[in-house]
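We did not get these values from a lab; they are worked out from the coordinates using the rules stated. Computed from a predicted structure; not experimentally measured. Using ideal geometry, Cβ is built from the backbone for each residue, glycine included, and neighbour counts are taken over all protein chains shown.
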């Protein structure tokens, strides 16, 4: 462990992994509740266009990806609102467009851009720069602050949008906000976990936690703990085994799901017998 | 309960819902045509009609969930566009979709009725938590507060959703098919709960296919017309005329859809 901390880039990667392990399940729990588990996936694809664009224009990847993903969030909410029946097809088009645009722009970019796209797809230990940490930290702080203030309203909208609207909650605003929060998580996670797998850190810890919990709050807390554990263990493992961190983190998270699911089956059976 | 006690038989009781010549169109087709409806405080209204008669659209419009083309809708005397006392109104759905995808406890469900932009910058107060506690005692499910909502029976879940509405202090409850999918044993508990609320002066509007279980409670029946007219064909005290009750019961599933599937949310 001390060996890892001797490397500056690993210290930065660990901080970045901790940040995404914390906020991804925090937003994921709302997405799963609203049955939008794949929204994060879509945001990742859209953000890829931002990364490709950054390569092409020579701009900084994080702000460019952030701008593209937030734009995508608004577009997704607009499509979801406008086309009720074919909504998922429209979203699929947007997602494919996002990934195709990303690869295309990166290929057009001068130099080694195309090969370094891999680092953004599956995560990398060495790409977190000192300046990035400040930006990632600020974004995380923003996400936590928004959830602290508006989390209850997001929860009510996820329970039932119509019922929430009758309570005076602004449903469309909250839905858009949820998509924007997912976009922020995607950008925070793209360095370490990668854009193709970052949404797994939003969803898998939540799916694991809900095997053993009985309330929304407990699910959120346990999912955050599992998310943190998975991203830190996965990162350390990938350092020693020399594989990309994204897949390692996701496999650790999936292992936690398998373990909790195995525990939950007998627990649930006993609980059912007790009542 | 802090609100005033109104009797339904008082003709001068406050008009809670006032719908005047309401027209709603979907893609140029009339879903509701010239609908008038007046509900006074303390009434127990059954809104009846077959599928496609527009009863769901009517309540969605009253609740501000559905834009309308002509006519007027007033809640507690205020035009819908300027109505701000949403804490007085509660929609009681058949189920909460979000409570089956993530575990949500009974307590969390009831507290969710208190969420509002007005409470955005503060924690729930002691009084608000006490209201939720009282509401759960009222529906007889306080002992189940730590359970997952979807581990309860259909009838118990319905009572939790009523407690949710009560905790928010609402005195107008709009209920979607309150007895659908509830087994006979629990229908009894549910109707006695509704009867208690009615005695307290809570205004209740029930959207339903059938009056089974609640016939004795209804003080005001409204039947929406056949598919061609989509207007009110009966508005008065129960029982509804025999020819209309045939119409309500026999034509309920033109699309072969199960009655339970007629949610307000779709």
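Laid out as a table, the results:
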read-out: Computed Rg/Rh of region A:197-274, alpha carbon atoms with Kirkwood Rh; value: 1.07
read-out: Exercise: per-residue mean of other protein chain Cβ atoms within 10 Å, B:85-94; value: 3
read-out: Residue A:138 versus residue A:74: modelled label distance in nm, points set 7 Å from Cα along the beta carbon direction; value: 2.0
read-out: Per-selection Kirkwood Rh - the protein assembly as shown (Cα, Å, 1 d.p.); value: 25.4
read-out: Neighbour-count ranking [beta-carbon atoms within 10 angstrom, fewest first] of B:150, B:138; value: B:150, B:138
read-out: FRET efficiency estimate (nearest 0.05) - Cβ-Cβ, residue A:118 to residue A:240, R0 25 angstrom; value: 0.75
read-out: Computed label-point distance, nm, for sites residue A:225 and residue A:264 using a 7 Å Cα→Cβ extension; value: 1.6
read-out: Burial ordering of B:123, B:142, fewest other beta-carbon atoms within 10 Å first; value: B:123, B:142
read-out: Model label zone, residue B:153; criterion: amide N under 20 Å from point 7 Å along Cα-to-beta-carbon; scope region B:183-223; value: B:183-196, B:212-215
read-out: Cβ-derived FRET efficiency at R0 56 Å, residue B:127 paired with residue A:104, nearest 0.05; value: 0.40
read-out: Over chain A, equivalent-ellipsoid semi-axes from the Cα gyration tensor in Å; value: 30, 25, 16
read-out: Computed [θ] at 222 nm, deg cm²/dmol, the protein assembly as shown (DSSP H ≥ 4; -39,500 (n - 2.57); rounded to nearest 500); value: -18000 deg cm²/dmol
read-out: Full-extension gain in nm, residue A:149 to residue A:92, via 0.36 nm per residue minus C-alpha separation; value: 17.3 nm
